[in-house]
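So the structure is just underneath, and the comments pick up after that.
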Amino acid sequence: MQPMKTWINALPLAILLSGYTYGQSTFHALINGRIYTGTSVIEQGFVTFSNGVIQAVGSMAEWPDTPPSGARIIDVSGQYIYPGFMALDSRVGLTEIDAVRATRDFAEVGSFNPHVRSLIAYNTDSRIIETIRTNGVLIVQPAPTTGILSGQSSVMRLSGHNWEEAVLKADDGFYLNWPEAIETTGWWAEPGDDQKNEKYLQQTKEIEEYLSKARAYALDPNPPYDVKLSALKSLFTDPSRRLYIRARRAREIKDALHLCSRLEIARPVISGAWEADLVADLLRQTNTPVILDRLTRLPDSKDEHVHKPYYLPAILDSLGITFAFSYTGSMEAMGTRNLPFTAGMATGYGLSELAAIKAISANPAKIAGLDHYLGTIAPGKAAILFVNPGNALEMLTNNPSYIFILGEEIPTTNFQTDLYHHYLKRYQLD
């Protein structure tokens, strides 16, 4: 990254994307911090931002003698500055209490629901949100999960009074649940044998027929109105629209990508990707990124190495596959706070620290088509970042001292930390 010697006045892109600018007007400068830009490291540098947009980034050698009048200068010597971490394929904001059906807005009735939008179900008042952002996760992509074609995802920031304020990118893509070619039996304590899914070809044919019908509808200049097919039209007419395909095994990934090729679906993304390393050539040829399931899970089968989930990220990185970490699985909404530690675990199995940070910042932004605006600390990008006293990928040292979302300073505490300090004081343990 080239240091910026001058103060720039970047247009607040938040206005262009969401129609709303957050409440920051004071010019802020973080100085003397170790900056992880998302793609590189500046050992001792500064970041300035105003009106929700980063103005300048550089080495302290480039720090001006006379910063703007009225600027708020924050010395973060010895601390680390990170871009806000981002969780794709998430249920944050769509569920509050897993055991209460009325709070689970990620599940809809029916098999094909391309008209369902997670955006309008997103709950900015969720108590879970504040517990996640105090670990540095500041951006999520809420996505529906049920049926075959679950619906549309959107990218949201973890602040704002309603979904209209929180949205960073509305309806960025559709989520498709690909059938399992191999079904596992048993349960985690007593895993059984893998079994072939006898209905696999029939299930994939059903998907191809529906998407072929949707493509014909999209290319028809005057089709009869259909609420579902009309919602899916953009997948075939807008090259920026993503199709996120939940597929885990090699055959499933190959079949899904071949279908996308036949139907000229421009931007597939594979979510799950347990055996992505086995189809790396195809992923590279089609320029397809992947979203990895959480690492803290059992191996793909009884015959798989127990550490396979942990060293898969390093393998994909060495093969040149763009990937991002997610936290899909049970209790995933509240567990999304552990996303940084997922990346940290991968560093213990061969992944570099910079690649791990990239997989929860720059890479997810790129996958969602927002890398021009999010994911890295660079001039002109959104001021969504945080300061941490130590390594944010480690549990013992992840404890942000400052959090900024579009330049607005966000509390570094939540109701859980408030209760902790309350009872420390109550029983004189502080």
Subset of segment 345-363 [open to solvent by less than 10 Å² (accessible area, probe 1.4 Å) and in a helix (DSSP H, G or I)] | Ala346, Ala356, Ile357
Could you give every pair whose Cβ atoms fall below 6 Å, whose first residue belongs to segment 123-139 and is over 19 Å from Asn388 (Cβ atoms) and assigned to a helix (DSSP H, G or I), and whose second residue is open to solvent by less than 30 Å² (accessible area, probe 1.4 Å) and modelled with pLDDT under 95, counting only separations of at least 6 or pairs across chains?
-> Ile128/Ala333
At pLDDT 95 or above and more than 22 Å from Ala362 (Cβ to Cβ) - does that describe any residue in segment 77-96?
-> yes
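Yes or no, residue by residue, for (1) outside any helix (DSSP H, G or I); (2) over 20 Å from Gln152 (Cβ atoms); (3) modelled with pLDDT under 95:
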{"site": "Ile207", "(1), (2), (3)": "no, no, no"}
{"site": "Leu211", "(1), (2), (3)": "no, no, no"}
{"site": "Ala214", "(1), (2), (3)": "no, no, no"}
{"site": "Ala218", "(1), (2), (3)": "no, no, no"}
{"site": "Leu235", "(1), (2), (3)": "no, no, no"}
{"site": "Ile245", "(1), (2), (3)": "yes, no, no"}
{"site": "Arg251", "(1), (2), (3)": "no, yes, no"}
{"site": "Ser261", "(1), (2), (3)": "no, yes, no"}
If we keep only residues of segment 140-155 that are under 17 Å from the mean Cα position of the chain (by Cα) and assigned to a loop (DSSP other than H, G, I, E, B), then the residue surrounded by the fewest Cβ atoms within 10 Å (Cβ to Cβ) is Thr145
Taking interchain pairs and intrachain pairs at least six residues apart, which have beta carbon atoms under 7 angstrom, with the first residue in segment 156-174 and open to solvent by 10 Å² or more (accessible area, probe 1.4 Å) and the second among the polar types (S, T, N, Q) and at pLDDT 95 or above?
-> Val167/Ser154; Lys169/Ser154; Ala170/Ser154; Asp171/Gln152; Asp171/Ser154
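So which of Asp220, Asp281, Asp193 ends up being within 26 Å of Leu370 (Cα to Cα) and out of contact with any Phe, Trp or Tyr (no Cβ under 6 Å at 6 or more places or on another chain)?
The match here is Asp281.
Condition check ((1) modelled with pLDDT of 95 or more; (2) in a helix (DSSP H, G or I)) across all residues:
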{"residue": "Gly380", "(1), (2)": "yes, no"}
{"residue": "Ala392", "(1), (2)": "yes, no"}
{"residue": "Pro400", "(1), (2)": "yes, no"}
{"residue": "Phe404", "(1), (2)": "yes, no"}
{"residue": "Asp418", "(1), (2)": "no, yes"}
{"residue": "Tyr423", "(1), (2)": "no, yes"}
{"residue": "Asp430", "(1), (2)": "no, no"}
Within segment 364-392, restricting to residues that are within 16 Å of the chain's Cα centre (by Cα) and farther than 26 Å from Asn287 by Cβ, the one that is surrounded by the most Cβ atoms within 10 Å (Cβ to Cβ) is Ile384
Qualifying residues in segment 111-122 (those that are open to solvent by less than 40 Å² (accessible area, probe 1.4 Å) and outside any helix (DSSP H, G or I)) - the one nearest to Asn338 (Cα to Cα) | Tyr122
How many of the residues in segment 364-378 are in a loop (DSSP other than H, G, I, E, B), at negative phi and not aromatic (Phe, Trp, Tyr)?
-> 8
Tell me which residues, restricted to segment 191-202, are assigned to a helix (DSSP H, G or I) and closer than 17 Å to Ala250 by Cβ.
-> Tyr200, Leu201
How many residues are under 16 Å from Arg248 (Cβ atoms), among the aliphatic types (A, V, I, L, M), without any contact (Cβ under 8 Å) to a residue 40 or more places away in the chain and in a loop (DSSP other than H, G, I, E, B) when one looks only at segment 279-325?
-> 0
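So, restricting to strands (runs of 3 or more DSSP E) that lie completely within segment 38-97, which ones have at least 1 residues that are within 26 Å of the chain's Cα centre (by Cα), of a type in the set (S, T, N, Q) and surrounded by 15 or more Cβ atoms within 10 Å (Cβ to Cβ)?
In segment 38-97, 41-50, 53-59, 85-90 are the strands (runs of 3 or more DSSP E) which contain 1 or more residues that are within 26 Å of the chain's Cα centre (by Cα), of a type in the set (S, T, N, Q) and surrounded by 15 or more Cβ atoms within 10 Å (Cβ to Cβ).
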Output for Cβ contacts, cut-off 7 Å, separation at least six or different chains, first residue more than 15 Å from Leu263 (Cα to Cα) in segment 221-239, second part of a loop (DSSP other than H, G, I, E, B) and open to solvent by less than 50 Å² (accessible area, probe 1.4 Å), reads Lys228/Pro114; Ala231/Pro114
When segment 240-268 is examined, which residues are found to be buried (at least 16 other Cβ atoms within 10 Å of the Cβ) and either free of Cβ contacts under 8 Å to residues at least 12 places away in the same chain or closer than 15 Å to Asp171 by Cβ (or both)?
-> Arg241, Arg242, Leu243, Tyr244, Arg267
Only one residue in Thr328, Thr336, Thr342 is buried (at least 19 other Cβ atoms within 10 Å of the Cβ), assigned to a loop (DSSP other than H, G, I, E, B) and of a type outside the set (A, V, I, L, M, F, W, C), so which one is that?
-> Thr328
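The values are calculated or read from the model by the stated rules, or taken from the named source; none is laboratory data. Being a predicted model, the structure only gives us computed values, none of them experimental. With ideal geometry, Cβ positions are generated from the backbone for all residues, glycine too; neighbour counts draw on all protein chains shown. Surface areas here come from the heavy atoms of the whole protein model, side chains and all, with no ligands, DNA or RNA. Shrake-Rupley method; radii C 1.70, N 1.55, O 1.52, S 1.80 Å.
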